[in-house]
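The values are calculated or read from the model by the stated rules, or taken from the named source; none is laboratory data. Note that the structure is predicted; figures quoted are calculated from it, not measured. Backbone-built Cβ (ideal geometry, glycine too); neighbour counts: all protein chains shown. We work out accessible area using only protein heavy atoms, side chains counted, and drop any ligands, DNA or RNA first. Shrake-Rupley method; radii C 1.70, N 1.55, O 1.52, S 1.80 Å.
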Amino acid sequence: MNKNQIKESIGRITFTENRPILSVVIIELLLVAAMFIAGAYATIQELDYTAPVLIAFIPVSLVLIVCLTWKKSWQRYGFRPISHIPVQGWMYYLPLLLVLACIAFNGFRAFTLREALFFVFFTLMVGFVEETVYRGLILHILLRKKSAVTAVAISSLLFSVTHVLNLLSGQSIENTVVQLVYALLTGAALSLLILKNKNIIPLIAYHFIHNLLQFLGQDGRSVSVWDYVILGVLLLHCVWLIVSLKRDAAWKQPAGISKSWV
């Protein structure tokens, strides 16, 4: 290989490949900063509690759509037809259905059609943005240089830490701790699922339905027994997926694993 070829090869190494940890930290900080600024503006203007997410996530979702389309990277980050998921692969989503059932068992409050339609848009946008960022961009970047263990752990931790912002809403410490653990286990389960089935579409659908059920569910901030049941289901789900991935020899595969689903 001559000098020109070496320079050309080095030039093709992107910043995210060379500095994966720094890259995901920057992405996380940008997202948190957007949420913080939007939250501060919404507080000053005394806007609705959904306003910070709308203000922050609408431009983020537009940027993601433009960038993924421009770079033709939809498939790289798991946006594939669900028909590509193996028949056996669908059984690994069953625990998520159990989680949704637990949320639904809490009951629903009275709501108008207009309110329901708003929350459909709101939760679909949140599901798209958070899954694309955490199970798409961040997980993909980490998998290029780090092991699956490291990639899943970091992406899940960052997803959980983002929910620390809920401390600003004045909820109890117990609620916040449960929510952080909930987010951590959810992030881990969804990250493991994309390693297993290499498709982000079911994850966005789950995230969307999960949040929609919560927003249309009974009001109340106290932790219920169903929250702990859900934590148990998610923990067992993660264990099941790890065992399955180890059997597939995908769990301990070193850097470059992302090439199997890029």
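Numerical summary
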{"read-out": "Scope the range 83-114; condition part of a helix (DSSP H, G or I) and free of Cβ contacts under 8 Å to residues at least 60 places away in the same chain; matching residues", "value": "Ser83, Val87, Gln88, Trp90, Met91, Leu94, Leu97, Ala101, Leu113, Arg114"}
{"read-out": "Residue count, the range 36-83 (criterion: over 25 Å from Phe119 (Cα atoms) and open to solvent by 20 Å² or more (accessible area, probe 1.4 Å))", "value": "12"}
{"read-out": "Entirely in the range 146-262, the helices (runs of 4 or more DSSP H) that have 1 or more residues that are modelled with pLDDT of 80 or more, in contact with a Lys or Arg (Cβ under 9 Å, 6 or more places away or on another chain) and over 22 Å from Leu124 (Cβ atoms)", "value": "148-162, 225-247"}
